[in-house]
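Q: Dropping a structure here in structure tokens format, bear with me for questions.
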Amino acid sequence: MKSLKYLSIASILLLGGCFQEDVYEPELPTSNLEIKEQVGLKLESVFATEEVAMNIKTETSGIYTVKIHHISGRIVSKEEIKVQAGDNILKLYTGALPKEPYTIALYNSQNVRLAETIVNLY
């Protein structure tokens, strides 16, 4: 019994206790956000409730516009964002929208649609 007590104490000392600051917080998974093309838009999942991670990949840095279109074609949200060339991981907050399917599209400064994807809110 005495050796079990020392083994427990040694395990705690060697392995470290689980203190609040030691709690593991996972990083945002980026493998499912990878875009192989030079320009693109990809969501972490095509299903979302309150928010979804999104990768916007561009060839050049600058101001781009993300528009959310209702499935009927009506624009329900539009936001200009400043991105760097390459991958840009962002959060898309969808909690205020009705639970329906939407098209999310990326536009350049000349209002040319560069990429799009669909998200289903539930």
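Q: Does any residue of the stretch 38-61 turn out to be surrounded by fewer than 11 Cβ atoms within 10 Å (Cβ to Cβ) and assigned to a strand (DSSP E or B)?
A: Checked against the condition, which is being surrounded by fewer than 11 Cβ atoms within 10 Å (Cβ to Cβ) and assigned to a strand (DSSP E or B), the stretch 38-61 yields no hits at all.
Q: Got a sec? Which of S72, S77 is surrounded by 12 or more Cβ atoms within 10 Å (Cβ to Cβ), more than 16 Å from V39 (Cα to Cα) and without any contact (Cβ under 8 Å) to a residue 24 or more places away in the chain?
A: Numbers: S72 fails: surrounded by 12 or more Cβ atoms within 10 Å (Cβ to Cβ).
The match here is S77.
Q: Something else about it: Go through the stretch 59-102 and give me each residue that's among the polar types (S, T, N, Q) and under 19 Å from the mean Cα position of the chain (by Cα).
A: Selection gives T65, S77, Q84, N88, T94.
Q: Here is a follow-up. Give the stretch 69-122 a look and list any residue that's in a strand (DSSP E or B) and either on the phi > 0 side of the Ramachandran plot or among the hydroxyl-bearing types (S, T, Y) (or both), or say none.
A: The initial filter retains those residues of the stretch 69-122 that are in a strand (DSSP E or B), namely 69-70, 75-83, 86-93, 101-107, 113-121.
If the condition is that a residue be in a strand (DSSP E or B) and either on the phi > 0 side of the Ramachandran plot or among the hydroxyl-bearing types (S, T, Y) (or both), then S77, G86, Y93, Y102, T103, Y107, T117 are the ones that fit.
Q: Sticking with this structure for a sec: Please verify whether the stretch 35-56 includes one or more residues that are β-branched (V, I, T), within 21 Å of A85 (Cα to Cα) and at pLDDT below 90. Walk me through how you get there before you give the answer.
A: To start, the set of residues in the stretch 35-56 that are β-branched (V, I, T) comprises 35, 39, 46, 49, 52, 56.
Retained after the next criterion (residues that are within 21 Å of A85 (Cα to Cα)): 35, 39, 56.
Cutting the leftovers down to at pLDDT below 90 gives us none.
No: zero hits.
Q: Also, quick follow-up: Provide a single number: the residues in the stretch 104-122 that are within 23 Å of I63 (Cα to Cα), loosely packed, with under 15 Cβ neighbours inside 10 Å and not basic (K, R).
A: Result for the stretch 104-122: 6.
Q: Inspect the stretch 83-91 for any residue being of a type outside the set (F, W, Y), surrounded by 16 or more Cβ atoms within 10 Å (Cβ to Cβ) and farther than 14 Å from L33 by Cα and give the result as yes or no. Full working, then the answer.
A: Filtering the stretch 83-91 down to residues of a type outside the set (F, W, Y) leaves 83-91.
Now drop any that are not surrounded by 16 or more Cβ atoms within 10 Å (Cβ to Cβ), which leaves 83, 87-88.
Those left that are additionally farther than 14 Å from L33 by Cα: 83.
Yes, the stretch 83-91 has at least one match.
Q: A further question follows. Could you tell me how many of the residues in the stretch 44-58 are within 16 Å of E34 (Cβ to Cβ) and within 12 Å of the chain's Cα centre (by Cα)?
A: Selection size over the stretch 44-58: 8.
The values are calculated or read from the model by the stated rules, or taken from the named source; none is laboratory data. All values reported here derive from a predicted model rather than from experimental measurement. No Cβ is skipped: glycine too gets one built from the backbone with ideal geometry, and neighbour counts run over all protein chains shown.
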